[in-house]
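A.B. asks: Attaching a single structure in structure tokens format; questions to follow.
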Amino acid sequence: MRRHVRTPSVRLILVSLTLILLTATAFARVPGEHWRMYANPEDAGFSTAKLAEARAYWESIDSAAAFLVYDGAVVVAWGDYERRFLLHSARKSVMSGVYGIHVDAGNIDTEKTLAELGIDDENFSLNDTEKGARIIDLLRARSGVYHFAAAEPRQNPKPERGAYPPGEHWCYNNWDFNALCTIIEQELGIRFFDEVDKRFAKPLRMEDYHPRHGIYQFEPDMSIHPAYHIRMSARDMARYGLLYLEEGKWGGKRILSKQWVADSSYPFSDDAWGDGYGYMWWVSFREGLRELGMYSALGVGNQSIDVIPGADMVFINRTNTFIGNRVTNDERCRLIELLVDARTGKAKRRPRLIDLPVIEREREVVELSLERKRDILEADTGTDRWSIVLQGEDLVYRNGEETMDLIALADNGLLIDDTFEMLYIENSDDGAGLNIISEDLLNGRGYGLLEEGHPDEAIAMFRRALAYYPEATNVWDSLADAYLAKQEYDRAIGCFEKILTIDPGDRRAASRIAEVELWRNPVIVDESVLATYVGEYEDLRIDLEDDGLHATHIPSGQSFGTMARSEIEFIIVGVGFSARFEKGDDGIVRNITLVFPDGREQVQQRTAD
């Protein structure tokens with residue numbers, strides 16, 4: 001008897017194959033253990049020539065790294081994308097994500113008030129109206145609690161307390177953002193930096209983040225609620241941005257709800273600078289970028305995670321604020337516009353991808369013996385601000401609660417990871433122990449000698465610092481000040497010229513050369529004219545003293561001398577910018593225009609005589 005075996009029809013086979021193919025391609029591309037990069041940007045539809053134009057612009061600004069992701073793979077990786085820099089206020093968008101997970105899970109009720117949560121503050125306790133602020137108000141920066149806060153200027157221009165009830169008025173307010181950290185840690189019994197690791201770093205397979213890269217900034221004289229700083233690399237930030245671009249999914253797995261991502265990036269408020277604000281994310285209203293739906297995590301120096309749904313892109317900017325560098329908002333947006341404009345064609349269906357290159361660092365790392373490490377622990381650092389401790393068998397730099405790994409590059413040299421500062425070990429003068437030498441220590445000692453009226457000893461100390469740190473532009477600047485104290489103008493100019501050879505883009509050094517030329521050939525302005533400039537101009541107060549005009553920055557109380565460049569324009573000594581006094585038609589001085597080294601101008605209206 002013939003056996004009848006059922007075989008699948010051709011139609012069924014085709015349907016099954018189609019389902020398999022659809023399943024294989026249903027999930028958006030995300031990186032695995034390492035990022036993948038387009039071998040040729042043209043495969044992703046990008047013009048090589050236009051990317052070169054964008055790179056030239058990037059090299060002209062103070063960005064430390066630029067990282068562009070399109071369709072889940074890397075198009076651009078310029079600068080040090082592996083190095084962890086401070087997120088600064090971009091950390092708040094990470095806090096927003098942590099809230100999103102727990103709101104979605106029902107662990108946090110955003111309608112709960114501060115009163116219900118038992119949240120208050122010291123020095124200035126909250127009143128009943130302020131305690132009526134809800135979690136959702138804090139997420140939108142609309143709490144109405146205008147209290148002092150950690151990690152913000154003491155003169156932060158907030159409204160007067162009680163000026164607005166909760167929910168009514170937007171104000172960029174660190175009290176809101178810091179209190180959110182206290183609330184979530186209190187309610188869930190978690191530590192924020194551990195939660196970032198658990199909820200994002202591990203699921204997204206971040207390569208550089210560890211909870212020890214977070215630090216709480218406590219300022220009990222301001223508030224009991226700490227700020228929460230994070231150091232993170234560009235390539236890890238891009239993973240977080242890609243999660244938002246994919247509306248909360250990662251490789252098919254739901255991490256954040258689509259609704260939370262949509263709400264976070266919705267402009268519930270217009271900010272004070274012409275953009276919108278969601279749940280601790282900035283929403284761009286800039287023409288061209290607004291149409292692409294761009295929203296951003298932003299921090300000092302324009303650290304950024306820019307999510308650009310309309311272009312299927314995530315862009316990361318990093319700025320080395322460890323050394324004081326800054327990128328302006330216009331510069332960052334201009335770079336993004338150039339990169340968006342660089343995509344001129346269609347992407348290949350199957351582009352060739354390669355592993356993102358690992359940055360090769362010119363370091364000759366050495367292994368220190370445990371005995372040598374213990375000797376270093378006993379060394380004199382010359383300061384109580386930081387110390388070196390042993391964590392397991394590893395030397396670690398500790399500054400308050402913050403810790404950074406130390407990398408031994410030689411028997412007498414230690415590199416602080418992330419900041420890339422060098423510490424040197426030398427024998428003490430009596431030979432009985434070791435001293436730890438740092439740039440800040442020697443430069444600080446030199447300035448102390450200069451302020452005590454010992455310029456020759458200060459010069460010797462600065463020269464000692466330069467023997468260890470020959471490329472330290474800050475020390476060269478200090479040495480120039482010491483030469484100026486001795487009226488050795490040529491040597492001072494030589495120091496500023498050295499700075500420009502190290503960093504040709506240092507605008508402050510160029511402006512200080514012009515300042516020294518005025519020391520040589522001063523412009524004399526009649527005292528009766530100077531007297532007309534005396535008064536208050538928003539952030540500045542101008543006073544006339546025996547040696548001329550002095551400018552005091554009202555919020556900080558810092559005072560600076562001035563030097564006349566003309567009858568109406570004066571250099572603010574030591575800070576690299578100038579002030580131009582401007583008169584109305586009646587001949588009375590109405591405002592000051594501050595002119596910065598990068599060409600930016602800021603008008604300060606006269607507020608009082």
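A.B. asks: When you scan the stretch 139-159, do you find a residue that is part of a helix (DSSP H, G or I) and either open to solvent by less than 10 Å² (accessible area, probe 1.4 Å) or closer than 17 Å to Thr113 by Cβ (or both), even just one?
C.D. replies: Among the residues of the stretch 139-159, at least one is part of a helix (DSSP H, G or I) and either open to solvent by less than 10 Å² (accessible area, probe 1.4 Å) or closer than 17 Å to Thr113 by Cβ (or both), which makes the answer yes.
A.B. asks: Conditions first: (1) open to solvent by less than 80 Å² (accessible area, probe 1.4 Å); (2) modelled with pLDDT of 50 or more. Val15 passes all but one, so which condition is the exception?
C.D. replies: Just one mismatch for Val15, condition (2).
A.B. asks: In the stretch 553-571, is there at least one residue being outside any helix (DSSP H, G or I), acidic (Asp, Glu) and touching a Lys or Arg at 6+ places or on another chain (Cβ under 8 Å)?
C.D. replies: There is at least one residue in the stretch 553-571 that is outside any helix (DSSP H, G or I), acidic (Asp, Glu) and touching a Lys or Arg at 6+ places or on another chain (Cβ under 8 Å).
A.B. asks: Restricting attention to the stretch 36-79, which residues are aromatic (Phe, Trp, Tyr) and either within 28 Å of Thr328 (Cβ to Cβ) or in a helix (DSSP H, G or I) (or both)?
C.D. replies: Phe46, Tyr57, Trp58, Phe67, Tyr70, Trp78
A.B. asks: Gly241 versus (1) crowded, with 22+ Cβ neighbours inside 10 Å; (2) under 25 Å from Ala115 (Cβ atoms): which is the lone unmet condition?
C.D. replies: (2)
A.B. asks: Which of the residues that make up the stretch 456-480 are farther than 21 Å from Tyr424 by Cα and buried (at least 19 other Cβ atoms within 10 Å of the Cβ)?
C.D. replies: Matches in the stretch 456-480: Asp477, Ala480.
A.B. asks: Considering only the stretch 160-218, how many residues are in a loop (DSSP other than H, G, I, E, B), open to solvent by 60 Å² or more (accessible area, probe 1.4 Å) and within 21 Å of Arg254 (Cα to Cα)?
C.D. replies: Within the stretch 160-218, residues that are in a loop (DSSP other than H, G, I, E, B), open to solvent by 60 Å² or more (accessible area, probe 1.4 Å) and within 21 Å of Arg254 (Cα to Cα) number 2.
A.B. asks: So which of Arg212, Arg191, Arg231 ends up being at pLDDT below 95 and either within 21 Å of Asn317 (Cβ to Cβ) or of a type in the set (D, E, K, R) (or both)?
C.D. replies: Criteria check complete, one pass: Arg212.
A.B. asks: Report, by residue number, each residue of the stretch 372-393 that is within 18 Å of Leu441 (Cβ to Cβ) and acidic (Asp, Glu).
C.D. replies: Once the filter is applied, which keeps residues that are within 18 Å of Leu441 (Cβ to Cβ) and acidic (Asp, Glu), the stretch 372-393 yields Glu378, Asp380, Asp384.
A.B. asks: Here's another thing I want to ask about it. Give the stretch 533-559 a look and list any residue that's more than 32 Å from the chain's Cα centre (by Cα) and aromatic (Phe, Trp, Tyr), or say none.
C.D. replies: Hit for the stretch 533-559 is Tyr533, nothing else.
A.B. asks: Pick from Asp341, Asp306, Asp380: which is touching a residue at least 24 places away in the same chain (Cβ under 8 Å) and within 30 Å of Ser428 (Cα to Cα)?
C.D. replies: Asp380
A.B. asks: What tally of residues in the stretch 245-288 results from selecting those that are open to solvent by less than 10 Å² (accessible area, probe 1.4 Å), outside any loop (DSSP other than H, G, I, E, B) and closer than 12 Å to Gly97 by Cβ?
C.D. replies: Qualifying residue count, the stretch 245-288: 2.
A.B. asks: Before we move on, is Pro555 touching a residue at least 24 places away in the same chain (Cβ under 8 Å), of a type outside the set (Asp, Glu), open to solvent by less than 70 Å² (accessible area, probe 1.4 Å) and out of contact with any strand residue (DSSP E or B) (no Cβ under 7 Å at 6 or more places or on another chain)?
C.D. replies: yes
A.B. asks: Which residues, taken from the stretch 289-305, are under 16 Å from Ser96 (Cβ atoms) and open to solvent by 20 Å² or more (accessible area, probe 1.4 Å)?
C.D. replies: Leu298, the sole residue that qualifies.
Every residue, every condition in (1) open to solvent by 10 Å² or more (accessible area, probe 1.4 Å); (2) touching a strand residue (DSSP E or B) at 6+ places or on another chain (Cβ under 7 Å); (3) assigned to a loop (DSSP other than H, G, I, E, B); (4) β-branched (Val, Ile, Thr), yes or no:
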{"residue": "Tyr81", "(1), (2), (3), (4)": "yes, yes, yes, no"}
{"residue": "Ser89", "(1), (2), (3), (4)": "yes, yes, no, no"}
{"residue": "Ser93", "(1), (2), (3), (4)": "no, yes, no, no"}
{"residue": "Gly97", "(1), (2), (3), (4)": "no, no, no, no"}
{"residue": "Val103", "(1), (2), (3), (4)": "yes, no, no, yes"}
{"residue": "Asp109", "(1), (2), (3), (4)": "yes, no, yes, no"}
{"residue": "Glu122", "(1), (2), (3), (4)": "yes, yes, yes, no"}
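A.B. asks: Sticking with this structure for a sec: Is there any pair with a first residue in the stretch 109-127 that is of a type in the set (A, V, I, L, M) and a second that is surrounded by fewer than 12 Cβ atoms within 10 Å (Cβ to Cβ) whose Cβ atoms are under 8 Å apart and which are 6 or more apart or on different chains, and what are they?
C.D. replies: Ala115/Asp128
A.B. asks: Name the residue that is nearest to Thr473 (Cα to Cα), counting only residues in the stretch 486-506 that are of a type in the set (Val, Ile, Thr) and open to solvent by less than 30 Å² (accessible area, probe 1.4 Å).
C.D. replies: Here the residue is Ile499.
The values are calculated or read from the model by the stated rules, or taken from the named source; none is laboratory data. Quick caveat, the model's predicted, so the values are computed rather than measured. Glycine gets a Cβ as well: all are built from the backbone with ideal geometry, and neighbour counts include every protein chain shown. Please note that ligands, DNA and RNA were not included when accessible areas were found on the heavy atoms of the full protein model with its side chains. Shrake-Rupley method; radii C 1.70, N 1.55, O 1.52, S 1.80 Å.
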